[in-house]
Every structure is written in C-alpha cells, then in structure tokens.
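Engineer: The following block contains the structure, expressed as structure tokens.
The values are calculated or read from the model by the stated rules, or taken from the named source; none is laboratory data. Quick caveat: nothing in here was measured; it's all calculated off a predicted structure. Quick reminder, even Gly has a Cβ in these numbers, built from the backbone with ideal geometry, and neighbours come from all protein chains shown.
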Amino acid sequence: MIQIEVRLQSQIDRPCSALAYGVFEGKQFSAQEHGGLGEEAAGVIKRLFSEKIFSGKPGQIFSFLLSSEGPAKIVVLLGLGPEKKFSLTSLREAAAPLTGEFKRLHSKRPAVFLPSLVQKKFSIQDIARTVTESFLLSAYQFKGFHSSPKNGRSEENTLDRIDLMVSSESEKNRAEAGRMLGEVVATSVNFARDLGHSPANLMTPEVLAAEAKKMAKECGLKCTLLEEKEIRKLKMGGLLAVAQGSPHMPYLVILEHKGARAKKKICLVGKGITFDTGGISLKPAKDMEKMKYDMMGAASVFAALRSAALLDLPLHVIGIAPLCENLPGANPIKPGDVITARNGKSVEVINTDAEGRLVLMEALSYSEIFQPDFIIDIATLTGACAATFADQCMGLMSNNQTLAEKIVRAGTRSGERAWQLPMWGDYLGMLKSEVADLKNVGAGYAGTIVAAKFLEQFVPKDTPWAHLDIAGVAWADSPKPFTPKGPTGVGIRLLVELLKDWK
Ligand code: BES
Ligand code: ZN
Ligand code: ZN
C-alpha cells in the first residue's frame, strides 16, 4: 500500500523527484504562490498555456523535467477543470491518474503541493482527505494468484509513498486530519474489494466469517459468529433454506462498535452470499463467475464497521451479515417450498434465485434484539436495479423520508449517488401467496421495489429503515478513474459519511 504523508515544504528533501501541482482551467497559474517553483518552471508553464499544450482540463496531466535547481526535478501539472465546477467529486476523479503518472516517471518519492488544489469552497482538510482517497483507491490492485509476477508489476514499478506538501504548521495539522480520514475510508474500501475479488472456492462463508473476525480483532470491534446450531435455535428458516443446497454451513456475523458517549444505535445489515448460482432456479452461465461478489453487501458492512472503529465514532453501530452460498446441491430448496422465518412469517419460495431477501429477512428481523434507532441494509439484491440505473447509482428505498434524505445527502457529499424509489403500499400486493404469508418474488415488474417491500415486512416495528440495492454498482466491468475493474466497494464511503456526521 502507498504511504501518504503530510509534510511541510521546508522538510522535504530538495529537489523532490516529482512534484505535482493542481491547475484550474482558464485561471492564471502563479508559480510564486505555488511553492516557489522558480524561473525555469514558471517560463515553461507560461509557454504550455500560450501554446495550448496544457489548459488544465479535468484529469489532464503534463510532466516536464527541469534542468536547473528548483523544488523538484520533475514538475507534474494536473488539470482540475474550471474552478467554478470544482467539487470534491471532480477532484477525486482528476487526482486519480496521478498515481499512474508517478509510477510511469519512476518517481520514488513524489509529492503533491496541496495548497494548489485548495479552492474557496473547500478546506485543506477536505482536499487532503479527497486526494488521499483518490490515490489509495486508484492504486488498488488485487494480488491475484499468479505463480509468477504479472507483467508490469515488477518491483521497480511500485510506488510506496506520496507526500502531501503543505506550507505552514496550521495547514499541516488540518491536512493531517483529512489524510487520516481518507486513509481509513480508502483502506476500508480496499479491504472490501479484496473480499469481493476472492473466488468463492476460497472465500466460503466460514472463511468470510473468519476474515470479519480477524479484521474485528485488528481494529477493536466486538465480533460474534453464530454457527448453524445457533442459527437453527434462532429459527432462521430463510438463512438455513438458502444454505441447505451447499456443503458450506451458514454463518451470522455480528460486529459491534460502541463509541464513547454514543447516543444513537444503528444497525447495518449486509447480504453475504459467497456465491449465487441461483440454486434450482439456475442462472445462465454467462457472467455467472461474477456472482462471487454477491457478498459485497456484507463486505461493505464490515468495512463501514472497520471505519467506525478506527475513527472511534461516537455512535453504537452494529453490523449484521448473514453468510451462505446459494447452490443447487444435494438437498436444495425447490420452487414451491414454504419456509418459516424467525419472526413466524411463512414464505413461499417461487424462485430460489431470489435468495438475498430470504437471508436478509432473518438478519433484519434479528436486529430487533438490539432495539436500534435506525436500520440500513445494503445488498446486491436485484438485477432489475442494474437494469434501471445501469452503473450510475445505488437504488434507495425506505420507510422513513427523513432517513432517506439523510442518505441521499451523505451520498452527494461522498460522491456515491443513491436514488430513491417509491415504496407505495400497492406494490406489496404483488407478493401475495395462496399458501403462505408472502411469496419471495412478484410478477417480474418493478423487481427492485418489490424486493424492498418484501424486506420491509421483516423490519422491527416502528423502526426507520432504508435499503440500498447495489446490484448495478458493486462490480465495475471496465476501470473508472479510481475504481479498477472488479468489485468496487460502493456504499462504504456513503455509509461512513453518514455515520461520521450523524445528528
Ligand atoms: N444476486 C442477484 C442479483 C444480482 C443480479 C446482483 C445481477 C448483481 C448482478 C440476486 O440474488 C438475484 O438473483 N435476484 C433475482 C431476483 C429475481 C429472481 C426476482 C434477479 O434479479 O434476477
Ligand atoms: Zn439470486
Ligand atoms: Zn444473490
């Protein structure tokens, strides 16, 4: 992992191997203001602008070598786009290619001149946080299982440190606070990405539970693992039903962070299907290998709890994740089977591929024992959500408008969009069963909403609850600025943002 450090300009060995500056499009770039860049650099930059070689478009990068002594051997200019449109979201994207550029330049210890990225609307703390997130998220790579190093990942091509350069002590303290926050969030996202990348033969429910436990120990979370025997005692028929087609036993992971002076109790619930074949309602072969990421809801909950612990948030946060595998093994559930949930409700299983709601219903109803003030679940729940939004946002559904709006705002602040869908009572009618209280699928339309209506039936009475469907965004088919191809870790930044400023 890249170490990000905040350092005073005066403490950085000169010349720095590569020093990056942010440049706003259409704005005069002052070499003097920016860390005494020196005559030569100022001249080059001026020419780059007048010759229209570099204009500061978002994400544009131009690097040049200086012949004379200055603060840096190589100057890297980073386009930030027009100042008017500048936001933390645009900065997170624009800064992402810098890690690749530093690697390309073989720069051992590059730096970014932080004040050049600061703009009226945002504090240096926000900027340091965002840049840290951008660097750590964009440089993420899953280790993989190659027997010899993969091309392009040789030793000398690694980047192990980036300095965030500031010009005064007071800037340093504020930037350090931001850097720390960014590092906690980004390393939590990368932790979740690692879990999602891991193939289902290795990342079985028991291994995933053990990973949660290990992480909990490392960052001081309380961790309880419920095994099959206890799950049976709790009468979690849904979790047992989905697990019964697999040789792997189900688990229920409970993580707890109890901050000092915690006034609010929040349950986070995450879907943890370590592989979803669809069961007897088998999925098509195409893209099925991706269904190893059907546990990203659970991974996001683990990651959010990790952040809550490391930031020591003044909240009582409880993470609950039901883990199992959906396989059409020797003794699977079959379409038409009727199962009974822990809260006594009976469910007719019409489609064994709608398994997420069968495990989540148990975790949601179980959350009642904690008497939470709020519940939020996160799940790769419906293909319909991907059909609705593509990879542009999460689906958000809630029984409480205040909570829904809080989530939307946290999404905007963290750059992870959530879009609310209606929860009209009429949708529940689609889940009427002739033989049980509910069936597990509707007629096929409005699949995302109908799934949420199903979950709502298991939410403890009078508890504000929100559901995030991340099916369309939990996996990136092609790389994005700070999201390599693969599991994205979406929702974690939103959840941490929400918890961090909970009022
Ligand atoms: N894990 C899937 C949802 C999913 C689909 C996630 C595509 C990511 C990408 C879920 O368990 C599922 O199979 N849902 C069914 C529900 C249907 C049977 C009502 C679906 O969406 O097709
Ligand atoms: Zn499924
Ligand atoms: Zn699933």
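Engineer: Can you tell me which residues in segment 49-99 are among the small types (Gly, Ala, Ser), part of a helix (DSSP H, G or I), surrounded by fewer than 19 Cβ atoms within 10 Å (Cβ to Cβ) and at pLDDT 95 or above?
Structural biologist: Within segment 49-99, Ser90 is the sole residue that qualifies.
Engineer: While we're looking at this one, here's another question. Please go through segment 330-350 and give me each residue that is within 16 Å of ligand 3 (Cβ to nearest atom), under 17 Å from His248 (Cβ atoms) and either surrounded by fewer than 23 Cβ atoms within 10 Å (Cβ to Cβ) or at pLDDT below 95 (or both), ordered by number.
Structural biologist: Of everything in segment 330-350, just one residue is within 16 Å of ligand 3 (Cβ to nearest atom), under 17 Å from His248 (Cβ atoms) and either surrounded by fewer than 23 Cβ atoms within 10 Å (Cβ to Cβ) or at pLDDT below 95 (or both), namely Pro332.
Engineer: Please work out if Leu403 is touching a helix residue (DSSP H, G or I) at 6+ places or on another chain (Cβ under 9 Å) and among the hydrophobic types (A, V, I, L, M, F, W, C).
Structural biologist: The answer is no for Leu403.
A quick yes/no check of all residues on (1) more than 20 Å from the chain's Cα centre (by Cα); (2) buried (at least 18 other Cβ atoms within 10 Å of the Cβ):
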residue: Asn201; (1), (2): yes, no
residue: Ala212; (1), (2): no, yes
residue: Met236; (1), (2): yes, yes
residue: Ala241; (1), (2): yes, yes
residue: Gly245; (1), (2): yes, yes
residue: Val253; (1), (2): no, yes
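Engineer: Testing Gln371 on (1) of a type in the set (S, T, N, Q); (2) more than 23 Å from the chain's Cα centre (by Cα); (3) crowded, with 24+ Cβ neighbours inside 10 Å, one condition comes back false. Which one is that?
Structural biologist: (3)
Engineer: Still on this structure, please answer the following. Among the residues of segment 260-290, count how many are over 25 Å from the mean Cα position of the chain (by Cα), of a type in the set (Lys, Arg) and closer than 30 Å to Gln371 by Cβ.
Structural biologist: Qualifying residue count, segment 260-290: 2.
Engineer: Here is a further query. When segment 462-496 is examined, which residues are found to be without any contact (Cβ under 8 Å) to a residue 60 or more places away in the chain and closer than 24 Å to Asn399 by Cα?
Structural biologist: Asp462
Engineer: Among (1) assigned to a loop (DSSP other than H, G, I, E, B); (2) more than 15 Å from ligand 3 (Cβ to nearest atom); (3) in contact (Cβ under 8 Å) with a residue 12 or more places away in the chain, where does Arg306 come up short?
Structural biologist: Exception for Arg306: condition (1).
Engineer: In addition: Give me the pairs: first residue in segment 12-31 and within 10 Å of Arg109 (Cα to Cα) and modelled with pLDDT of 80 or more, second residue part of a loop (DSSP other than H, G, I, E, B) and among the polar types (S, T, N, Q), beta-carbon distance under 7 Å, and six or more apart or on different chains, which are they?
Structural biologist: Close Cβ pairs satisfying both conditions: Ser17/Ser107; Ala18/Ser107.
Engineer: Tell me, please, whether a residue that is of a type in the set (Lys, Arg) and either on the phi > 0 side of the Ramachandran plot or more than 16 Å from ligand 1 (Cβ to nearest atom) (or both) can be found in segment 422-436.
Structural biologist: No, that holds for no residue.
Engineer: Could you tell me which of the residues Leu455, Leu438, Leu396 is more than 20 Å from Met296 (Cβ to Cβ) and in contact with a strand residue (DSSP E or B) (Cβ under 9 Å, 6 or more places away or on another chain)?
Structural biologist: Leu438
Engineer: Among what's in segment 274-289 and is of a type outside the set (Gly, Ala, Ser) and within 11 Å of ligand 3 (Cβ to nearest atom), pick the residue that is nearest to Pro322 (Cα to Cα).
Structural biologist: This residue is Thr274.
Engineer: What are the pairs, 6+ residues apart or on separate chains, where a residue within segment 402-430 that is under 13 Å from Thr448 (Cα atoms) has its Cβ under 9 Å from a residue that is polar (S, T, N, Q) and buried (at least 17 other Cβ atoms within 10 Å of the Cβ)?
Structural biologist: Trp419/Thr388; Gln420/Ser398; Leu421/Thr388; Leu421/Thr448; Met423/Ser398; Met423/Asn399; Leu428/Gln457
Engineer: On the basis of being among the charged types (D, E, K, R), under 30 Å from Lys265 (Cα atoms) and either part of a loop (DSSP other than H, G, I, E, B) or within 16 Å of ligand 3 (Cβ to nearest atom) (or both), does Lys461 make the cut?
Structural biologist: yes
Engineer: Is it fair to say Phe102 is modelled with pLDDT of 95 or more and either surrounded by fewer than 24 Cβ atoms within 10 Å (Cβ to Cβ) or closer than 30 Å to Met203 by Cα (or both)?
Structural biologist: Taking the combined requirement at face value, the residue does not satisfy it.
Engineer: Is one or more of the residues making up segment 429-440 part of a loop (DSSP other than H, G, I, E, B), within 16 Å of ligand 3 (Cβ to nearest atom) and over 19 Å from the mean Cα position of the chain (by Cα)?
Structural biologist: yes
Engineer: Which condition from (1) outside any strand (DSSP E or B); (2) surrounded by fewer than 24 Cβ atoms within 10 Å (Cβ to Cβ); (3) within 16 Å of ligand 2 (Cβ to nearest atom); (4) touching a residue at least 12 places away in the same chain (Cβ under 8 Å) is the one that Glu289 breaks?
Structural biologist: Result: Glu289 passes all but (4).
Engineer: If I filter segment 2-28 down to residues being under 21 Å from Glu101 (Cα atoms) and touching a helix residue (DSSP H, G or I) at 6+ places or on another chain (Cβ under 7 Å), which single residue comes out as surrounded by the fewest Cβ atoms within 10 Å (Cβ to Cβ)?
Structural biologist: Residue satisfying both the conditions and the ranking: Ile2.
Engineer: Also: Within segment 255-285, work out how many residues are under 27 Å from Lys222 (Cβ atoms), hydrophobic (A, V, I, L, M, F, W, C) and either surrounded by 23 or more Cβ atoms within 10 Å (Cβ to Cβ) or touching a Gly at 6+ places or on another chain (Cβ under 6 Å) (or both).
Structural biologist: Of the residues in that region, 6 qualify.
Engineer: May I pose another question? Take Phe458 and tell me if it is surrounded by 19 or more Cβ atoms within 10 Å (Cβ to Cβ), hydrophobic (A, V, I, L, M, F, W, C), on the phi < 0 side of the Ramachandran plot and away from ligand 2 (no atom under 16 Å from the Cβ).
Structural biologist: Spelling it out, Phe458 is indeed surrounded by 19 or more Cβ atoms within 10 Å (Cβ to Cβ), hydrophobic (A, V, I, L, M, F, W, C), on the phi < 0 side of the Ramachandran plot and away from ligand 2 (no atom under 16 Å from the Cβ).
Engineer: In addition: Quick test of your reading of the structure: Ser300 fulfils all but one of (1) modelled with pLDDT of 95 or more; (2) assigned to a loop (DSSP other than H, G, I, E, B). Name the failing condition by number.
Structural biologist: Result: Ser300 passes all but (2).
Condition check ((1) away from ligand 3 (no atom under 15 Å from the Cβ); (2) assigned to a strand (DSSP E or B); (3) touching a Leu at 6+ places or on another chain (Cβ under 9 Å)) across all residues:
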residue: Pro328; (1), (2), (3): no, no, yes
residue: Thr352; (1), (2), (3): no, no, yes
residue: Pro372; (1), (2), (3): yes, no, no
residue: Glu416; (1), (2), (3): yes, no, yes
